[in-house]
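Following: one structure in C-alpha cells, then a few remarks.
Just so you know, all these numbers are worked out from the coordinates, no wet-lab data involved. For clarity, every value in this text was computed on a predicted model and none was experimentally measured. Counting neighbours? That spans all protein chains shown, and the Cβs are built from the backbone with ideal geometry, glycine included.
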Amino acid sequence: MKYFLTKYETITRTEKVQYEIEIPKNIKGKRKYADNQIQENNYQSHKVLDVVDSELIDEETIDFRTKMIRN
C-alpha cells in the first residue's frame, strides 16, 4: 500500500550562480558595475552551477495518509 507524507521543510542553501551581464566598453569599474547590475536584476540570464552547501533547519509533518485507489 502506498502512503503520502507531507512536510514543511525550511532549508538554507548556498548556491554558486553564474550571471550573464552586458557591460559597455567605456565602463572602467567592471566588477562594481556588474555587482550593481545583478542587484538591480539587469542581467541577460543566470544559472545555478552548483549547490555548495545545504542544511535542513526545520521540518514539520503536516499530513500522513494512504493513497486512495479508485476503479
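So the values come out like this:
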read-out	value
Selection of chymotrypsin sites (Phe, Trp or Tyr not before Pro), the range 15-71, meeting DSSP coil and at most 16 other Cβ within 10 Å	TYR43
Sites matching trypsin sites (Lys or Arg not before Pro) across the chain that sit in DSSP coil, with at most 10 neighbouring C-beta atoms within 10 Å	LYS2, LYS25, LYS28, LYS67, ARG70
Lys, Arg +1 and Asp, Glu -1 on Cβ, resulting dipole of the range 1-60 about Cα centre, debye, nearest 20	520
Loop-located GluC sites (Glu not before Pro) in the chain whose Cβ has at most 13 other Cβ within 10 Å (DSSP)	GLU22, GLU40
Tilt relative to the chain, helix 30-39 - C-alpha long axis, 0 to 90 degrees, to 10	40
